[in-house]
Amino acid sequence: MTRFIALRTLVPTLSMLGLLLVACGSEEEPWNPPSAFAEPVPAPAPTEPGSEFDKGEESILGACAEGIATVKRDPSNVLLLVDRSGSMHIKLPSGQTRWQATKQGLFDLVGALPATTNVGAMLFPQGDAPVNNYCRIDAAANDVKCTPNWPEPTQNARCDGQTYQAGVPSGLLTPAQIDAIRGHVSASDAEFYWGTPLASALRAAVDAQRASKAPGAKSVILLTDGNPTSCDKTGISDDIANVVAAARAGTENGELVRTFVIGVLDTARQAAKAENLSPVAAAGGTGRAANCAATNECFYPVTANAFATDIKKVLEDISLQAFDCTFSIPEPKAGANPDPDSLNVEVKGASGGYVVPRDTGKTNGWDYLPGGKQLQVYGDACKKLAGDGGSSVEVKIVLGCKTQVK
């Protein structure tokens, strides 16, 4: 007999986006979810009658489907990891500095998100005092310049992951939480920090999210304008592989802390490199397409010439994934024998019913998140969930019918 699970949830509107910027049992063993990109992907099976599943409701997919499980959209828990190294004070063609433009984008984002969202902030580097007395942005070159033979701080503190703490731990976005985030970030406006210890900072951020007791989908949003530097005399080194390992720690062994990566690209001056940041995003479970690693396009780029426009679009795209359209897949009945190609996402809204296709390219459809216990709806398909009937939209995960793919 074919099997079916459906889930219904009420998806809130995403009006803030105009403002800015997730199955397979054995007789004795518990469910072991599929890998995020494995093919084919086994689907969950229904629980016993009388549980949360209602087999009486019909699916637009037809007789192949049976049963319904009702769940709510996963809440969100996000930690902003923001680079405050000296190069963030380089001026953009607009006249703003990278730091000023970044602040504006982030502040617009947290000001527009619903109060039910958990958001916190961590800045890096940490561990050293600012080096304003020795380093600055040279106005003529619009680049970092330090006095000759200046006393560069030792690397021990800023390259030690134990140094790093969230200046504002993740919490519900009350007015007080928003003020705390704004105040913490703004406190570094006139401070010039040395080095870009990406691995240490990201490891600390991922660990903080892993330890968080807040429910729902956990993410780190990393924004940097640099490559890993100034840890070459420590055991962690400046090898990008250490940063990749830090991101992967959030998406392996049953963990699910995704790392979204925003990189400032500026070929004329000190800036991040795509070949460094793309593998970090891929390891963090947020690659923008199935083949993005081949072209170093797994991360979100922000260019110097169009910084304000780029960061608004990037934060909007990330917001759809980090804050909306993530759904948990119910665990199946122990001992179930499900069909590996029988999961679909079905929507009923004001304009009628339709099926969202699976899109492993992650552009306009759904796909599994790392670990296989959650799925994510991407792109315009996510926006449509919010805009098609608002709170009346019903989203169902249906098993038993052949998966429709893009």
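When the Cα atoms of region 77-322 are enclosed in a convex hull and the volume is divided per residue, what value in Å³ results?
Per-residue hull volume (Cα only) is 120 Å³.
How much length would be gained if the chain were fully extended between Asn156 and Asp380, taking 0.36 nm per residue of separation minus their Cα-Cα distance, in nm to one decimal?
Length gained, Asn156 through Asp380: 76.1 nm.
Please list, in order along region 80-96, the HN-Hα scalar couplings obtained from phi with the Karplus expression 6.51 cos²θ - 1.76 cosθ + 1.60 (θ = phi - 60°), rounded to whole Hz, x for Gly and Pro.
7, 10, 10, 6, 10, 5, x, 5, 5, 8, 5, 7, 8, x, 6, x, 6
Would you mind ranking Ser85, Ser212 so that the residue whose beta carbon has the fewest other beta carbons within 10 Å leads the list?
Ser212, Ser85
Could you derive backbone 3J(HN,Hα) for region 263-277 from the dihedral phi with the Karplus parameters 6.51, -1.76 and 1.60 (θ = phi - 60°), listing whole Hz in sequence and x where the residue is Gly or Pro?
Once θ is set to phi - 60°, the couplings for region 263-277 become x, 7, 9, 8, 5, 7, 9, 4, 6, 5, 10, 4, 5, 8, 7 Hz.
Among Phe107, Phe327, which comes first, then next, by fewest other beta-carbon atoms within 10 Å?
Fewest-to-most ranking of Phe107, Phe327: Phe107, Phe327.
Tell me, what ³J(HN,Hα) does each residue in region 147-160 have, in order and in whole Hz, if you take phi through Karplus 6.51 cos²θ - 1.76 cosθ + 1.60 with θ = phi - 60° and put x for Gly and Pro?
My calculation for region 147-160 gives 5, x, 6, 6, x, 4, x, 5, 8, 4, 6, 6, 9, 9 Hz in order.
May I ask you to sort Trp366, Trp194 by Cβ crowding, counting other Cβ atoms within 10 Å and putting the fewest first?
Ascending number of Cβ neighbours within 10 Å: Trp194, Trp366.
Computed over the Cα atoms, what is the radius of gyration of region 209-316 divided by 2.2 N^0.38 Å, N being its residue count?
Compactness ratio reported: 1.10.
Compare the peptides 258-270, 167-179 by average per-residue count of other Cβ atoms within 10 angstrom and give them in order, highest first.
Per-residue mean Cβ counts within 10 Å order the peptides as 258-270, 167-179.
Under 20 Å from a point 7 Å along the Cα-to-Cβ line of Ala241: which residues of region 214-230 have their amide N that close?
The answer is 227-230, whose backbone nitrogens lie closer than 20 Å to the label point.
Give me Rg/Rg_expected for region 125-198, where Rg uses Cα atoms only and Rg_expected = 2.2 N^0.38 Å with N residues.
Normalised by 2.2 N^0.38 Å, the Cα Rg of region 125-198 equals 1.35.
Quick one: of Lys91/Lys218; Lys218/Lys396; Lys312/Lys373, which pairs are farther than 27 Å apart, Cα to Cα?
Beyond 27 Å between Cα atoms: Lys91/Lys218; Lys312/Lys373.
Values in this text are rule-based calculations from the coordinates and carry no lab data. Computed from a prediction, not measured in an experiment: that's the story for all the values here. Cβ atoms come from the backbone with ideal geometry, glycine included; neighbour counts cover every protein chain shown.
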